[in-house]
Amino acid sequence: MRPYGGEAAREAAATILPLIGDLAPSIAIILGSGLGGLVDDVRDHVTIPYGEIPGLPGVGVEGHAGKLVIGDIEGRKVAVFAGRFHAYEGHPPQLTAFPVRIAHALGARTLFVSNAAGGVNKSFAAGDLMVIEDHLNLTFTSPLTGSAEPGETRFPDMSNAYDSAMRAQLHAAGSHLGIELRDGVYAMLPGPAYETPAEVRMLRTLGADAVGMSTVPEVTMARTLGLRVAGVSCITNAAAGIGQAPLAHAEVLETTARVAAQFQALLRAFVHTL
Ligand code: HPA
């Protein structure tokens, strides 16, 4: 069996489904660094540590819990992946995207992704929430590399990768709550070193508004499998060279802690509209 492929995902789902009774999720949610507090909003939940899911290793980054929480938010059945697998940990993109395969095998047809990101757009401030309009894959890798899975498209269309209707729903939820949301393009670099100021200038020239080290593999896999995608970046810091302060993961976690309640309120209101 191919690791992190469709058959492996169906095996993982076969382990999970008997544990969750009638909670089969329609919505998958992947939480970024420091944004895992959303799991506290999940009602009637079943929690499964990643290590108990066949094919998924535990996670190794501070700010990422490493558990799948399945339950109910706002009357919708959700599968919340608190913790993700990053390229910079040495993981192949196929593993990074494997939670999306599992979510699909569990029946989810909508994906919400979130991440912590540096602000490349100079008008952004730490603590801003940005609706992801589109992305730049600057890793030049793909979870689809290798032979295509039976029944899966070889060349997925990415022209509406971040579903325009769901972006509007996010904005409606934001206005309802009085949360001002930004819009922008997310660029993924492999990391784990933060960017140089020259790289940040390059990213701005390329049309990026935010930069991070995740999300793109999961979204690529979601579009291949036909899931609709919405995403939000939490701008945790001005990207390198914009401010004077050196960048540090502690600052990322500090900012996500500060906006966690707002992020969670937005996500609950958004899920309510689905
Ligand atoms: N660069 C890359 N990834 C990040 C950043 C950043 O400035 N902040 C949070 N994640």
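The values are calculated or read from the model by the stated rules, or taken from the named source; none is laboratory data. Nothing here was measured: the structure is a model prediction, and the numbers come from that model. Positions of Cβ are backbone-derived with ideal geometry, glycine not excepted, and every protein chain shown enters the neighbour counts. To get the accessible areas, we keep the full protein, side chains included, count just its heavy atoms, and leave off ligands, DNA and RNA. Shrake-Rupley method; radii C 1.70, N 1.55, O 1.52, S 1.80 Å.
Chymotrypsin sites (Phe, Trp or Tyr not before Pro) within segment 36-144: which are DSSP loop residues with at most 11 other Cβ atoms inside 10 Å?
Here the sparse-neighbourhood loop sites are Phe140.
One-quarter of the Cα convex hull surface for segment 108-153, in nm²?
5.3 nm²
How high is the relative contact order of segment 25-107, in percent, counting Cα pairs under 8 Å that sit 6 or more residues apart?
36 percent.
Is the shape of segment 1-121 rounded, prolate or oblate, going by the alpha carbon gyration tensor and its root eigenvalues a ≥ b ≥ c, with a/c under 1.5 for rounded and a/b larger than b/c for prolate?
Since a/c reaches 1.5 but b/c is at least a/b, the shape of segment 1-121 is classed as oblate.
Looking at the square roots a ≥ b ≥ c of the eigenvalues of the Cα gyration tensor of segment 145-186, which shape do they give, rounded for a/c under 1.5, prolate if a/b is larger than b/c, or oblate?
Judged from the Cα gyration tensor, segment 145-186 comes out prolate (a/c at least 1.5, a/b above b/c).
Can you give me the angle between helix 197-206 and the longest principal axis of the chain, using Cα atoms only, in degrees from 0 to 90, rounded to the nearest 10?
70 degrees
Of Val252, Val46, Val131, which is the most mobile in a GNM of the chain whose springs link Cα atoms less than 10 angstrom apart?
Ranking Val252, Val46, Val131 by mean-square fluctuation puts Val46 first.
Using a 1.4 angstrom probe, figure out how much accessible area segment 105-162 has per residue, in square angstrom, rounded to the nearest whole.
44 Å²
Show me, for segment 251-266, the HN-Hα J-couplings you get by feeding each phi into the Karplus relation (A = 6.51, B = -1.76, C = 1.60, θ = phi - 60°), rounded to Hz, glycine and proline as x.
So the Karplus estimates, Gly and Pro as x, are 5, 4, 5, 4, 5, 4, 5, 5, 9, 4, 5, 5, 4, 5, 5, 4 Hz.
Please report Rg over Rh for segment 95-181, where both radii come from the alpha carbon positions and Rh follows the Kirkwood definition.
Ratio of gyration radius to Kirkwood radius: 1.00.
Rounded, prolate or oblate: which one fits segment 214-274, using the alpha carbon gyration tensor with axes a ≥ b ≥ c (rounded when a/c is under 1.5, else prolate when a/b beats b/c, else oblate)?
oblate
Can you order the peptides 188-199, 155-166 by their average number of other Cβ atoms within 10 Å per residue, highest first?
188-199, 155-166
Under the Karplus relation 6.51 cos²θ - 1.76 cosθ + 1.60, θ = phi - 60°, what is the ordered set of whole-Hz ³J(HN,Hα) values for segment 217-231, x standing for Gly and Pro?
With the stated coefficients, segment 217-231 comes to x, 5, 5, 4, 5, 4, 5, 4, 8, x, 6, 7, 10, 10, x Hz.
How much net charge surrounds Tyr186 when only the other residues with a Cβ under 9 Å from the Cβ of Tyr186 are counted, with Lys and Arg +1 and Asp and Glu -1?
-3
In deg cm²/dmol and to the nearest 500, what is the mean residue ellipticity at 222 nm of the chain if only DSSP H runs of at least 4 residues count, each as -39500 (n - 2.57), divided by the residue total?
Counting only the DSSP helices, I get -10000 deg cm²/dmol.
Two decimals is fine: what's Rg over Rh for segment 34-187, C-alpha atoms, Kirkwood radius as Rh?
0.95
Please give the direction-averaged projected area of the C-alpha convex hull for segment 159-274, in square nanometres with one decimal.
Averaging across all directions leaves 8.0 nm² for the Cα convex hull.
Kindly express, to the nearest 10 degrees and within the range 0 to 90, the angle between helix 6-20's C-alpha long axis and the longest C-alpha principal axis of the chain.
80 degrees
When the Cα centres of segment 199-270 and segment 80-118 are compared, how far apart do they sit, in Å?
Going from one Cα centre to the other spans 14 Å.
Check which residues have an amide H placed less than 5 Å from Gly231's amide H, if you skip close sequence neighbours.
Here Val113, Ile132 satisfy the definition.
Quick one: give the max-minus-min coordinate of the C-alpha atoms of the chain along each principal axis, largest first, in Å.
That gives 52, 41, 33 Å along the principal axes, largest extent first.
Under a point-charge model restricted to the Cβ atoms of Lys and Arg (+1) and Asp and Glu (-1), what is the dipole moment magnitude of segment 131-274 relative to its Cα centre, in debye to the nearest 20?
The dipole magnitude comes to about 160 debye.
With θ set to phi - 60° and the Karplus curve 6.51 cos²θ - 1.76 cosθ + 1.60, what are the ³J(HN,Hα) couplings of segment 133-147 in order, to the nearest whole Hz, using x for Gly and Pro?
Going residue by residue, I get 8, 6, 9, 10, 8, 9, 8, 6, 10, 8, x, 9, 5, x, 5 Hz, with x marking Gly and Pro.
Residue farthest toward the positive end of the dipole of segment 1-131, with Cβ of Lys/Arg at +1 and Asp/Glu at -1: which of Pro3, Ala125, Ser26?
Highest projection toward the positive end goes to Pro3.
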